[in-house]
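Here the structure comes first, spelled out in structure tokens, and everything after it is commentary.
The values are calculated or read from the model by the stated rules, or taken from the named source; none is laboratory data. All figures in this text were calculated on a predicted structure; none of them were measured in a lab. Positions of Cβ are backbone-derived with ideal geometry, glycine not excepted, and every protein chain shown enters the neighbour counts. For accessibility, only protein heavy atoms count, side chains too; no ligands or nucleic acids. Shrake-Rupley method; radii C 1.70, N 1.55, O 1.52, S 1.80 Å.
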Amino acid sequence: MSTSTVMPLQSFIAGRWIGAEPAAALRSAIDGRVVAHTHAEAIDFGEAVDFARAAGLRGLLALDFQQRAQRLKALAKYLLEHKETLYAASVPTGATRSDAWIDIEGGIGTLFAYASLGAGELPSGNVLHEGPAMPLGKGGGFAGTHILVPRRGLAVHINAFNFPVWGLLEKFAPSFLAGLPCIGKPATATSYLTEALMRLIDASGLLPAGSLQLVIGATGDLLDRLDGRDVVTFTGSADTAARLRVHPNLVRQSVPFNAEADSLNGAVLADDVTPDDEEFDLFVREVAREMTVKAGQKCTAIRRALVPRRHLDAVAERLKARLGRIVVGDPALEGVKMGPLASHAQQADVAERVALLREHAELVCGGGTDVIPLGAGTDHGAFFAPTLLLSRDPWRDAAVHDVEAFGPVSTLMPFDSMDEAVELAARGRGSLVASLVTRSPRIAAQVVPAMAALHGRLHVLDRVSAKESTGHGSPLPSLKHGGPGRAGGGEELGGIRAVRHLLQRTAVQGSPTMLAAVTGEHVRGADLIETEVHPFRRHFEDLQVGESLLTHRRTVTEADIVAFGGISGDFFYMHFDEVAARQTQFGQRIAHGYFVLSAAAGLFVSPAPGPVLANYGLDTLRFVKPVAIGDTIRARLTCKRKIDRNRVDPSGVGQGVVAWDVEVSNQHGELVASYDILTLVAKRG
């Protein structure tokens with residue numbers, strides 16, 4: 001294809017596509033042909049920032065957490081329906097179909113995951129109460145709590161070349177939930193795939209204007225335009241992360257900066273494993289897989305493989321044999337298991353770094369660009385052979401703990417004890433992930449806490465977990481991604497933690513009534529709303545936070561305890577043995593805690609059919625004081641929190657979630673039990 005027929009990529013800025021004049025040529029990693037150009041037009045980053053802060057914030061904050069979660073889910077569905085467009089666009093990156101699956105469907109899956117997390121864990125509205133509220137005075141009139149709110153700034157996400165889709169989406173999803181408009185800057189080498197993703201997102205029409213903008217090419221003066229409301233996240237090399245971290249404006253404005261940097265991740269074969277064990281082959285398979293998936297271009301790939309000295313040669317032989325079966329070439333051809341590196345520049349960089357490593361390490365197999373890949377035109381591609389090195393003295397070989405070849409390269413090194421293995425792993429000065437392959441729970445209990453200080457995630461692999469393991473190199477939305485030291489010191493993903501990181505946490509002090517008004521949740525001690533209508537008789541729309549019912553009383557009898565023990569099968573001595581009970585701190589028999597819970601439900605439940613559809617959970621249960629025979633209890637039921645998840649049941653009736661605060665007290669007014677119950681409540685519509 002001639003360069004004149006290749007249209008330039010475009011940036012998506014302030015709601016329009018920008019770029020008509022071609023600039024830098026981007027080449028296929030497979031055969032070197034030009035597949036795209038960046039655009040020559042300069043971007044007005046002042047306009048981009050203003051658009052994010054005006055239209056972007058306005059559109060995002062017109063939605064609440066729950067509504068933004070719904071938009072994420074709809075976008076994930078849309079992208080999944082159009083995924084083949086992305087697979088087609090990914091071909092020049094050199095990724096195999098399974099490699100591209102990690103990037104494309106892994107990214108879409110992250111959208112689904114955060115949509116679900118948002119729907120399940122975030123409230124209606126744009127204030128997240130990080131309670132409980134705590135009393136700050138003796139009289140109950142002064143209390144404090146924490147809230148999390150949108151920062152009312154923007155997020156700049158700078159991504160690496162290896163995951164053009166996942167990299168953008170895994171950062172965008174929690175930012176969108178947090179109400180932060182985003183400006184995404186993909187690495188130029190594979191930005192054609194990110195542009196294809198952005199075109200689909202734009203075509204979906206699902207995002208408010210200004211929610212997401214795309215920069216093709218350099219960031220210009222973008223970082224100079226940010227202030228303390230904003231956030232910058234970066235994925236890439238440790239060197240670039242170090243330079244960005246001290247950008248003068250980011251430092252001056254105290255702009256939060258999160259880095260997820262390449263690191264020298266390790267895998268440790270524990271000394272309890274022998275060559276005859278299944279775990280031995282699991283270790284070999286895991287190292288080989290991490291060397292060859294995406295041609296080793298993963299920030300989580302295994303760069304250092306640590307093995308007991310007595311098994312060093314056996315591991316080397318099995319790894320060499322396994323890597324020797326890897327067919328390298330054009331991923332479109334049947335049987336090809338590994339494609340090229342993402343660019344010719346990356347190929348040159350990996351070759352240079354392997355040369356540095358080989359100054360002290362032996363070559364077991366591979367070694368360079370002399371591989372003969374399958375496929376027409378691949379002699380012009382960015383291929384690199386799977387390369388296994390061996391450092392026999394890793395205590396003196398500093399390069400193996402400092403130089404990273406970001407490709408299909410790993411180095412074997414021996415150790416003589418598990419303590420040595422931990423120390424060698426630590427010489428990488430911080431990593432995103434490390435694996436421990438062992439059969440022994442004792443070794444896992446010894447090694448994992450010792451390694452945890454310098455590794456963001458620890459993957460313990462044995463024959464049991466291997467059946468379901470997603471692998472050493474796979475970050476999951478529910479677990480944190482990031483690591484200390486060289487790995488950047490940042491943290492992404494980790495479930496709803498990622499959203500909380502992007503919100504502003506503020507302490508609030510005041511009366512319980514004022515705190516309830518601010519948080520949108522009932523705070524104990526706040527004004528109550530008491531009416532003649534039982535709260536369970538109100539539909540979701542009509543129920544008010546703070547609406548409360550104080551029940552009638554019930555005296556607990558010995559017959560209650562005997563009956564509950566017979567029904568439940570709980571004949572614990574504290575409930576039935578008078579002599580033994582007298583010798584305890586309570587000095588007498590007491591009622592079952594779960595009887596108190598059940599009796600309270602009997603006091604506050606409205607039994608007739610009505611808007612309350614189901615009780616599906618119970619949180620924060622505490623039995624505060626014992627209830628003895630002859631004590632009299634009553635309950636206060638208060639609407640604590642309402643969450644409109646915009647769901648309907650199979651019959652088409654709308655419903656929301658209501659959390660109720662329950663306080664059970666005795667005849668002295670003392671709290672004996674405290675908890676929240678969660679119910680589905682029907683809407684009138």
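A few remarks follow.
- Residues in region 254-269 that are closer than 20 Å to Ser175 by Cα and not β-branched (Val, Ile, Thr): Ser254, Pro256, Phe257, Asn258, Ala259, Glu260, Ala261.
- Filter result for the condition that a residue is touching a helix residue (DSSP H, G or I) at 6+ places or on another chain (Cβ under 6 Å) and closer than 25 Å to Leu479 by Cβ, over Gly266, Gly236: Gly266
- Given (1) part of a helix (DSSP H, G or I); (2) in contact with a helix residue (DSSP H, G or I) (Cβ under 8 Å, 6 or more places away or on another chain); (3) under 16 Å from Gly266 (Cα atoms), index of the condition Ala345 fails: (3)
- Tally of residues being touching a strand residue (DSSP E or B) at 6+ places or on another chain (Cβ under 9 Å), over 18 Å from Ala88 (Cβ atoms), without any contact (Cβ under 8 Å) to a residue 60 or more places away in the chain and open to solvent by 20 Å² or more (accessible area, probe 1.4 Å) across region 328-350: 1
- Residues of region 564-607 classified as without any contact (Cβ under 8 Å) to a residue 12 or more places away in the chain and either assigned to a loop (DSSP other than H, G, I, E, B) or of a type in the set (Asp, Glu) (or both), total: 8
- All positions within region 514-572 that are touching a Gly at 6+ places or on another chain (Cβ under 9 Å), among the charged types (D, E, K, R) and open to solvent by less than 60 Å² (accessible area, probe 1.4 Å): Glu521, Arg538
- For first residues located in region 667-685 and within 15 Å of Thr620 (Cα to Cα), partners that are hydroxyl-bearing (Ser, Thr, Tyr) and open to solvent by less than 40 Å² (accessible area, probe 1.4 Å) and lie 6+ apart or on another chain with Cβ distances below 7 Å form the pairs Leu671/Ser665; Val672/Ser665.
- Within region 448-475, the set of residues being buried (at least 16 other Cβ atoms within 10 Å of the Cβ) and without any contact (Cβ under 8 Å) to a residue 24 or more places away in the chain comprises Val448, Ser469.
- When the residues of region 140-182 are filtered to those that are of a type in the set (D, E, K, R) and within 18 Å of the chain's Cα centre (by Cα), the one that is nearest to Val127 (Cα to Cα) is Lys171.
- Only residues that are in a loop (DSSP other than H, G, I, E, B) and touching a residue at least 40 places away in the same chain (Cβ under 8 Å) were counted in region 477-488, giving 6.
- Residues in region 489-513 that are open to solvent by 30 Å² or more (accessible area, probe 1.4 Å) and assigned to a helix (DSSP H, G or I): Arg497, Arg500, His501, Thr513.
- Residue match in region 35-44 (condition: closer than 30 Å to Leu117 by Cβ and in contact with a helix residue (DSSP H, G or I) (Cβ under 7 Å, 6 or more places away or on another chain)): no
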